[in-house]
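A.B. asks: Structure below; questions to follow.
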Amino acid sequence: MKVIVLDSREEAAVTVSDEILVALRQKPDLVLGLATGSTPTGVYARLVQAHVNEGVDFSRVSTFNLDEYLGLPASHACSYRHFMKVHLFDHINVRPENIHFPPTEGEQLVARCAEYEQSIDRLGGIDIQLLGIGSNGHIGFNEPTSSLASRTRIKTLTEKTLKDNSRFYVSGDSPPRLASTMGIGTILGAKHILLQAFGERKANAVQAAIEGAVSALWPASALQLHANTSFYLDRESASGLTMLDYYQSTNENDRELRRRGLL
Ligand code: F6R
């Protein structure tokens with residue numbers, strides 16, 4: 001795991017979007033796994049800028065979102081389909097048929113969750129998975145005690161997540177209790193995982209994910225089992241880490257090795 005502590009979320013957005021743009025240059029049919037919430041908005045703004053100002057082409061890109069609430073129509077202001085349109089899809093040239101969300105409506109949801117997995121596999125798997133982290137350590141909507149091998153399925157949200165996410169519901173309504181989400185096993189199948197976390201509110205979850213024991217109680221700790229995961233943190237979210245000096249010296253050494261062409 002790489003742990004990169006930056007001065008601000010803006011700096012993280014630049015670094016993470018650059019990673020995506022470099023990968024896109026190498027593979028125009030990139031398969032992206034995408035997150036919603038307050039964490040990735042800076043990255044999406046930079047991708048939009050790259051398209052508008054530099055003509056970066058997303059026409060061959062495919063996207064798979066991590067999760068979506070059950071019972072909210074796509075037009076609902078709090079649905080994740082609406083969020084993605086507003087922050088990214090309406091402003092780049094991704095093709096509507098290349099955009100995928102886990103199923104939330106209609107019948108046979110279990111079978112359609114399995115199809116979601118198959119659609120990812122058919123495209124050769126997710127190249128880059130963007131993640132945030134819940135203050136309870138969830139990734140996607142894989143709440144504490146989710147199986148570390150889980151695949152796309154319907155999950156019940158915890159009270160903590162409902163409370164955290166009620167900030168997006170202006171009318172005082174609370175979010176739906178059920179959501180469809182990629183599983184932890186699905187996320188671990190991505191080739192490269194980029195997790196961003198910002199603010200003191202995330203410090204415990206970040207510490208447990210990076211330095212704690214691998215445990216279903218802290219779903220993001222499963223990322224310790226993934227060979228290519230990078231955490232992009234601000235100082236506040238990194239404040240609980242005990243080995244910060246080590247992460248910093250590792251990053252400096254990596255930079256030097258890259259400069260010498262050895263990495
Ligand atoms: C959203 C998602 C969630 C969020 C997490 C953090 O698609 O997968 O796991 O990443 O709840 O949310 P924010 O970024 O709003 O703090």
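A.B. asks: Among Trp218, Gln26, Leu162, which residue has its Cα positioned farthest towards the positive end of the charge dipole of the chain, with +1 placed on the Cβ of Lys and Arg, -1 on the Cβ of Asp and Glu, and the dipole taken about the Cα centre?
C.D. replies: Towards the positive end, the residue furthest out is Gln26.
A.B. asks: Also, I was wondering about something else. What is the spin-label model distance, in nm, from Leu217 to Ser59 if the labels are put 7 Å beyond Cα along the C-beta direction?
C.D. replies: My value for the distance between the label points is 5.3 nm.
A.B. asks: How many angstrom lie between the C-alpha centres of region 1-65 and region 214-263?
C.D. replies: Rounded to whole Å, the Cα centres lie 19 Å apart.
A.B. asks: Which whole-angstrom value gives the distance between the alpha carbon centres of region 140-174 and region 72-110?
C.D. replies: Cα centroid to Cα centroid, the span is 18 Å.
A.B. asks: If packing is taken as the average count of other Cβ atoms within 10 Å, what order do 143-149, 250-256 fall into, highest mean first?
C.D. replies: 143-149, 250-256
A.B. asks: Pull out the extension gain between Glu10 and Gln26, defined as 0.36 nm times the separation in residues minus the alpha carbon to alpha carbon distance; nm, one decimal.
C.D. replies: Details: separation 16, 0.36 × 16 = 5.76 nm, distance 2.46 nm.
Contour length minus the Cα-Cα distance gives 3.3 nm.
A.B. asks: What is the mean projected area of the alpha carbon convex hull for the chain, to one decimal in square nanometres?
C.D. replies: Directional mean of the projected Cα hull area for the chain stands at 13.8 nm².
A.B. asks: What length, rounded to one decimal in nm, is gained on full extension from Asn253 through to Arg235, with 0.36 nm per residue of separation minus their alpha-carbon distance?
C.D. replies: Residue separation times 0.36 nm, minus the Cα-Cα distance, leaves 4.4 nm.
A.B. asks: Cross-link list Lys2/Lys85; Lys2/Lys202; Lys155/Lys202; Lys2/Lys27; Lys27/Lys155: which exceed 29 angstrom alpha carbon to alpha carbon?
C.D. replies: Distance filter (> 29 Å) returns Lys2/Lys85; Lys27/Lys155.
A.B. asks: Name the long-range amide H neighbours of Val3: under 5 Å, sequence gap of 5 or more, or other chain; modelled H, no Pro or chain starts.
C.D. replies: Amide H neighbours of Val3, under 5 Å, 5+ apart: Phe231.
A.B. asks: Sort 125-136, 107-118 by the packing proxy (mean of other Cβ within 10 Å over each peptide's residues), most packed first.
C.D. replies: Going from most to least packed, we get 125-136, 107-118.
A.B. asks: Let me spell out the model: positive unit charges on the Cβ of Lys and Arg, negative unit charges on the Cβ of Asp and Glu, origin at the Cα centre of region 166-216. What dipole size does that give, in debye rounded to 20?
C.D. replies: Dipole size: approximately 100 debye.
A.B. asks: Right, something else. Could I get the Rg over Rh figure for region 1-105? Both from C-alpha atoms, Rh via Kirkwood, rounded to two places.
C.D. replies: Rounded to two decimals, Rg/Rh equals 0.97.
A.B. asks: Can you tell me the FRET efficiency between Val52 and Thr145 if r is taken as the Cβ-Cβ distance and R0 is 41 Å, rounded to the nearest 0.05?
C.D. replies: 0.45
Every read-out reported here was derived from the displayed coordinates using simple, explicitly stated rules and does not represent laboratory data. Here the structure is a predicted model, which is why all the values come from computation and not from measurement. Every residue, glycine among them, receives a Cβ derived from its backbone with ideal geometry; neighbour counts consider all protein chains shown.
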